[in-house]
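*Asks:* Have a look at the structure that comes next, please.
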Amino acid sequence: MPQAPDDHDEEYDDEDDWDVIDPVVKAPPPPPPPPPAPAVGERCARCSAVVPVGAGVCPGCLNPVGAPGPQARRLAGGVLRLVFRRGGRHLDVPRGSEIRLGRSESWAPEAAGLMADEETVSARHATLVHTPDGAAWLTEVPRGASNGTRVNDRVLVPGSPVRLRDGDRVDLGPEVDFVVRGIEEEPGNAAP
């Protein structure tokens, strides 16, 4: 029985039948990494936050740009200063005194003028005691403030005093905050 011709038996003498394959081309090298981003500011000497270029004070702790550490911010007579971040306002608290923070003119006469239009601050929000030895203690009112009180993002328990340090940020509700200035480095340890 005759066999059918097999395509594999044919010989290829003609090179034109072969496909030409381009030589292997190596992939181009990856592009160089982008240059480093330009500096956006400098580090604060007090809290190490980045201070944007052109800012006069640190957005985190209100330390003046280029100012040395905490010792440069001591106020005459041992006064404690509460520096509100909105509006450039402040309250001074002499040693051995107490200040109430809230919107009620009768309960918080020193602070009510600054907080009268701040609806997120309770009428009776918190008290701050600046002891004769230079320590400072903040206490949210025992019944609690409507929107709470925080020190450096730590929520206060109503009626429990919390010791403040120089540079601490205090939030009275979600919209009003201040930075504490002028606390001695190692004041006495007794609670008020």
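*Asks:* Which ones in the stretch 91-108 are open to solvent by 10 Å² or more (accessible area, probe 1.4 Å) and assigned to a loop (DSSP other than H, G, I, E, B)?
*Replies:* Result: P94, R95, G96, R103, S104, E105, S106, W107.
*Asks:* How do the pairs read when you match residues in the stretch 79-96 that are among the acidic types (D, E) with residues anywhere that are in a strand (DSSP E or B) and surrounded by 13 or more Cβ atoms within 10 Å (Cβ to Cβ), using Cβ under 6 Å and keeping only pairs 6 or more apart or on different chains?
*Replies:* D92/R81
*Asks:* Restricted to the stretch 121-167, and to residues that are among the acidic types (D, E), more than 24 Å from P109 (Cβ to Cβ) and under 24 Å from the mean Cα position of the chain (by Cα), which residue is surrounded by the most Cβ atoms within 10 Å (Cβ to Cβ)?
*Replies:* Ranking the candidates gives D166 first.
The values are calculated or read from the model by the stated rules, or taken from the named source; none is laboratory data. Keep in mind that what you see is a predicted model, and the values were worked out from it rather than measured. We place every Cβ from the backbone using ideal geometry, glycine too, and count neighbours over all the protein chains shown. The protein model used for the area step is the full one, side chains on, heavy atoms only, and it has no ligands, DNA or RNA in it. Shrake-Rupley method; radii C 1.70, N 1.55, O 1.52, S 1.80 Å.
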